[in-house]
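Here is the structure we will look at, set down as structure tokens.
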Amino acid sequence: MSDANTSSAGNPRANLPLSDVMLRRLKLKPLLIFERVLSSSSIARAARELNLTQPAVTKAIHELEADLDVPLFERTNRGVTPTCYGTLLGTRVKTVIAELRYLTDELNTFRTGDSGHVIIGAAIPASAPLLPQAITRLKQQRPGVLITVRNAPADQLFPALATGELDIVVGSLPEHDLPPTRVCAFGHSVLYREALCAVAGCRHPLAKRADIQLSDLLDWPWIFPLQGSPARLTTERLFLDAGLGMPTNVVESQSVLTNIGLMQDSPSISLMPRAAARHFANLNLLSILALGDLGALGDSGDIGYSIRTDREPTPAAQAFIACLKEAAATC
């Protein structure tokens with residue numbers, strides 16, 4: 001018994017919980033290196049991005065594996081792939097990095113009042129004109145704020161919001177609960193309701209016609225959203241509810257630039273939120289076909305923003321939300 005007491009007294013860590021011991025071992029730099037290797041799936045690419053040598057990156061990964069006593073990566077012919085432990089750590093590390101970014105933003109804002117970083121996840125319909133107007137307003141008020149915009153489908157944006165990689169998601173609000181809500185809660189705020197319309201290139205034979213029926217569009221080439229997306233379900237429902245068959249000449253694309261190019265170079269037709277369609281029509285890039293409103297994107301057609309409710313938005317993100325609301329009032 002006395003030997004055990006002596007051993008504990010001689011080792012300050014002996015009485016610490018395992019979690020505390022682990023926290024004392026872990027260092028921030030190896031975690032940052034790990035996150036970059038995980039994101040790039042390559043030690044060589046991570047080394048270039050971090051301006052480090054490959055041996056330095058490899059050493060950091062080995063030290064982290066030794067501290068955690070688990071393998072984090074497996075080497076393959078195409079680079080490295082995470083083990084189950086690496087995948088689990090990756091989710092937590094992204095949250096840690098996000099928290100450090102929040103802390104930095106808060107300190108900078110407290111010191112200067114005019115800095116910070118807002119990372120925005122943008123679903124496609126929000127790209128024009130809502131998001132540019134909101135960003136312009138924020139930059140006019142706070143030019144020192146760095147803004148990063150990431151465009152992706154909703155099923156990619158909300159997991160990133162859950163881990164803290166994004167501050168806010170702007171676009172069509174989700175119709176149902178999403179899997180990430182199991183680990184954190186989202187707050188959804190409606191900015192306005194968006195209707196859909198049919199669009200085509202300005203030289204399309206139907207662009208100048210005023211007596212168009214949905215059946216008139218059936219035999220033209222169409223651009224559909226990707227399978228399984230709310231926009232795709234809405235597009236298919238439009239034809240089914242009208243008792244029509246589906247167009248057979250279809251391109252699937254989620255890229256706004258690609259879709260506009262296709263409609264300019266071919267007689268393709270697509271559906272687009274009316275606010276975005278007006279924006280591109282004013283630029284003489286597209287023409288809105290005279291069919292009126294064709295339902296809404298998803299069941300509700302609500303355009304808005306989503307944030308995590310378990311943490312307060314950074315001051316820079318709060319300023320962006322205020323600008324977003326002002327821009328929405330003009331859409």
* **Potential lengthening between Asp241 and Thr53 on full extension [0.36 nm per residue; Cα-Cα distance subtracted]** => 61.7 nm
* **Gyration tensor over alpha-carbon atoms, region 124-283, equivalent ellipsoid semi-axes in Å** => 31, 21, 13
* Keeping all protein chains in position, work out how much accessible area Cys84 exposes to a 1.4 Å probe, and write it in Å² to the nearest 10. => 100
* To do: Under a cut-off of 18 Å between alpha-carbon atoms, report the lysines in cross-link reach of Lys27, not counting same-chain residues fewer than 8 places apart.
  => Lys59, Lys94
* Structure fact -> Expected sort for 198-204, 144-150 on mean C-beta neighbours within 10 Å, highest first, is 198-204, 144-150
* Structure fact -> Order by accessible surface, 1.4 Å probe, largest leading, for residues His117, His62 comes to His62, His117
* To do: Any chance you could look up the accessible area of Leu89 with a 1.4 Å probe, heavy atoms only, rounded to 10 Å²?
  => 30
* **Normalised per residue, the volume of the convex hull around the Cα set of region 208-322 (Å³)** => 146
* To do: With r as the distance between the Cβ atoms of Asn249 and Tyr85 and R0 = 35 Å, compute the FRET efficiency 1/(1 + (r/R0)^6) and round to 0.05.
  => 0.15
* What figure in square angstrom, to the nearest 10, would you give for the accessible area of Ile260 with a 1.4 Å probe? -> 10
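The values are calculated or read from the model by the stated rules, or taken from the named source; none is laboratory data. These numbers were taken from a predicted model, which means no experiment stands behind them. So basically every Cβ, Gly included, is an ideal-geometry build from the backbone, and we count neighbours across all protein chains shown. All accessible areas refer to the heavy atoms of the entire protein, side chains included, with ligands and DNA or RNA removed. Shrake-Rupley method; radii C 1.70, N 1.55, O 1.52, S 1.80 Å.
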